[in-house]
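The values are calculated or read from the model by the stated rules, or taken from the named source; none is laboratory data. Nothing here was measured: the structure is a model prediction, and the numbers come from that model. Methodologically, a virtual Cβ is constructed for each residue, glycine included, from the backbone with ideal geometry; neighbour enumeration extends over all protein chains shown.
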Amino acid sequence: MARLVDLKEALTCLQQGKLVAFPTETVYGLGADASNRDAVAKLYLAKGRPPDHPIIVHVASPKKESIDLETDWLEILSPWWRDIPDLALRLIFTFWPGPLTLVLEKSKTALDALTGGQKTLALRAPSHPLAQELLRAFGGGIAGPSANRFGRVSPTSAMDVLNEFPNQDGIAVLDGGNCAFGIESTIIDLSDSSAIRLLRPGSITPEMIKKKTGIDVRKAVEGETLTRVSGSLKAHYAPHTPLTLYAEHTLPDLLKTNSLKKIALLIWNQPPLIELQNKHHTFIQIPMDSNGFARNLYRYLRDLDHGQYDLILMPETPSGQNWDGVRDRLQRAAFGSGAASD
Ligand code: TXA
Ligand code: MG
């Protein structure tokens, strides 16, 4: 089984080319020294991830007392990216450290194994204090896909990671508590400055980016990009138990047709109607608040997946960009649920 370690041992493991799962504010990452080819190869193997899916490299942010932030950032970023446009710096000054990943053309020195053979490389500076402490002590970049097996639900606690890798002794886990955001970072592709594209929705929305920086980000149209984004597969983040998303008005019929099934039913903040109650069905009230829901989404999926249910029913999400990240994960989770896709 993977095992818990403290910061000092996590650091040693990274330096020795071993895998270290580490907390971030979004989800736990499975980390490896991004400059070590063998260590990066271990990541793909442990996750069961196809070799052409690129990986995000995590970097430390400059110290708070920095006197020249721009120079400090350029020094941190230049080993990884060929050019760093002003646009990128504007986003970095505003949102880093935090749940935003930026994609730009890779430097010559960054390993091809990180980019799945593509010309671009994804970078992010996580805001979780323990992740920052680890990154600063390490000094280099940490390659970090989410610490789950390919196609499955991302872990949001150290225990989730331990459960995800029951047979892998080689994985060390640094415990940083529960993740504050709960869904993976927003990914923005800046490699074509005339068309800045959102590759994966997350807690930082295009509306927030526009408001804070004036930068227009548009959604990538399917098929528009050759970039392989594993989170863009139709089936992803998937529980083993079948998951169905319901529209409010279909609920009474849905419950009637499934009256003999053991169902976990998630409902917004309202008491279940008495006439809908059934001894096979468990009602779970959830907050109608996009951040609160995102924080607990994978927790629900993981816990309910272990609850021996025949079916999980979750409500469709309200409209609005603040729900886009949750909606995206839920739709893919529902699509991939049930069948063993890994
Ligand atoms: O919040 C997060 O981003 C978490 C934490 C651990 O930082 N990481 C994460 O990594 O979600 P992963 O590997 O599970 O998802 C990263 C996504 C993948 O869908 C990958 O295809 C995409 O980022 N990606 C990585 N490099 C890319 C690139 N050069 N161009 C486009 N997409 C890229
Ligand atoms: Mg992932």
Does region 41-59 hold any residues that are closer than 23 Å to residue 199 by Cα and surrounded by 15 or more Cβ atoms within 10 Å (Cβ to Cβ), and which are they?
-> 43, 44, 47, 49, 53, 54, 55, 56, 57, 58, 59
Answer from 21, 113 - the residue that is farther than 30 Å from residue 299 by Cα and outside any loop (DSSP other than H, G, I, E, B) = 113
Kindly check whether there is at least one residue in region 79-88 that is of a type outside the set (Gly, Ala, Ser), farther than 28 Å from residue 217 by Cα and either in contact (Cβ under 8 Å) with a residue 24 or more places away in the chain or within 16 Å of ligand 2 (Cβ to nearest atom) (or both).
-> no
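For (1) at pLDDT below 95; (2) in contact with a strand residue (DSSP E or B) (Cβ under 9 Å, 6 or more places away or on another chain), each residue gets a yes or a no:
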site: 66; (1), (2): yes, no
site: 72; (1), (2): no, no
site: 105; (1), (2): no, yes
site: 136; (1), (2): no, no
Of all residues in region 27-62 being closer than 11 Å to residue 145 by Cβ, assigned to a loop (DSSP other than H, G, I, E, B) and in contact with a strand residue (DSSP E or B) (Cβ under 7 Å, 6 or more places away or on another chain), the one that is nearest to ligand 2 (Cβ to nearest atom) | 27
Does residue 264 satisfy being of a type in the set (Gly, Ala, Ser), under 11 Å from residue 312 (Cβ atoms) and modelled with pLDDT of 90 or more?
-> yes
Give region 282-324 a look and list any residue that's of a type outside the set (A, V, I, L, M, F, W, C) and touching a Gly at 6+ places or on another chain (Cβ under 7 Å), or say none.
-> 295, 296, 298
Which one of the conditions (1) assigned to a loop (DSSP other than H, G, I, E, B); (2) within 16 Å of ligand 2 (Cβ to nearest atom); (3) at pLDDT below 90 does residue 231 fail to meet, given that it meets all the rest?
-> (1)
Six or more apart or on different chains, Cβ under 6 Å: which pairs go from a residue in region 1-26 that's free of Cβ contacts under 8 Å to residues at least 60 places away in the same chain to one that's assigned to a loop (DSSP other than H, G, I, E, B)? Could you list them?
-> 17/36
Tabulated pairs, region 145-158, first over 18 Å from residue 331 (Cα atoms) and in the same structural domain as residue 326 (by TED's automatic domain parsing), second at pLDDT 90 or above and more than 6 Å from ligand 2 (Cβ to nearest atom), C-beta under 7 angstrom, 6+ apart or interchain | none
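Residues checked against (1) assigned to a loop (DSSP other than H, G, I, E, B); (2) surrounded by 24 or more Cβ atoms within 10 Å (Cβ to Cβ):
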| site | (1), (2) |
| --- | --- |
| 150 | yes, no |
| 155 | yes, yes |
| 169 | yes, no |
| 177 | yes, no |
| 199 | no, no |
Please enumerate the residues belonging to region 92-111 that are within 11 Å of ligand 1 (Cβ to nearest atom) and farther than 19 Å from residue 183 by Cα.
-> 104, 105, 106, 110
Taking only pairs six or more apart or across chains, which ones have beta-carbon atoms under 7 Å, a first residue in region 60-78 that is within 13 Å of residue 125 (Cβ to Cβ), and a second residue that is hydrophobic (A, V, I, L, M, F, W, C) and modelled with pLDDT under 95?
-> 62/69
Restricting attention to region 201-217, which residues are of a type in the set (S, T, N, Q) and either free of Cβ contacts under 8 Å to residues at least 40 places away in the same chain or surrounded by fewer than 20 Cβ atoms within 10 Å (Cβ to Cβ) (or both)?
-> 213
